[in-house]
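Contents: one structure, followed by commentary.
The values are calculated or read from the model by the stated rules, or taken from the named source; none is laboratory data. Keep in mind it's a predicted model, so treat the numbers as computed, not measured. As a convention, Cβ positions derive from the backbone with ideal geometry for all residues, glycine included, and neighbour counts pool all protein chains shown.
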Amino acid sequence: MVVNIECSASLVALHEACRALQQRNCSAALVSGTSLLMGPHIFKIMTDEGVLSREGSFKTFDASADGFALAKGIDTIFLKRITDAIRDGNPTRAVIRNSGNDCNGKNTRHKPHPDPIHKSHFFGMFMRKHGWTRAIRASLSAMVRELQSGTRWDVLL
């Protein structure tokens, strides 16, 4: 499967792999992702929209956030149901208890900015759906992964 969306293709691919494992559509999944920005036109658009940091640094959840800094990298992770990994004697590095996806299509601005109201509603709904409260979030979760662009739009959250 190929996932091609603006900012969070790797996380959406991870979510889809988790769903496929839960639904027993596969016995294991290899999830990999990177970002390819091809051609100078994309940098002009990102600069014009205020997506790229003028300082070249990333300041997520900071009032001085002015965009994100580009970097190269590839994420790859091998997934298997925990029961299968235990049965097969595979080493377990982490357990993904739940995953969610809040991609809500094009926004009304047709620009690459997150919708803070939608994101806030989605996160609250996700936490309630899975029975997570503030008390158990900290005690049971080693990590919650949230995609943030580092732009001033994220600070609105």
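Below are the figures for this structure:
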{"read-out": "Residue 79 vs. criteria in the same structural domain as residue 97 (by TED's automatic domain parsing), among the aliphatic types (A, V, I, L, M), closer than 21 Å to residue 94 by Cβ and in contact with a helix residue (DSSP H, G or I) (Cβ under 7 Å, 6 or more places away or on another chain)", "value": "yes"}
{"read-out": "Some residue of the range 10-33 being surrounded by 11 or more Cβ atoms within 10 Å (Cβ to Cβ), assigned to a loop (DSSP other than H, G, I, E, B) and either modelled with pLDDT under 90 or acidic (Asp, Glu) (or both)", "value": "no"}
{"read-out": "Inter-residue pairs, beta-carbon under 6 Å, first in a helix (DSSP H, G or I) and in the range 44-61, second surrounded by 13 or more Cβ atoms within 10 Å (Cβ to Cβ), 6+ apart", "value": "46/52"}
{"read-out": "Qualifying residue in the range 35-50 (condition: among the hydrophobic types (A, V, I, L, M, F, W, C), surrounded by 14 or more Cβ atoms within 10 Å (Cβ to Cβ) and within 25 Å of residue 129 (Cβ to Cβ))", "value": "no"}
{"read-out": "Output for the range 58-90, where each listed residue is in contact with a strand residue (DSSP E or B) (Cβ under 6 Å, 6 or more places away or on another chain) and of a type in the set (Ser, Thr, Tyr)", "value": "76"}
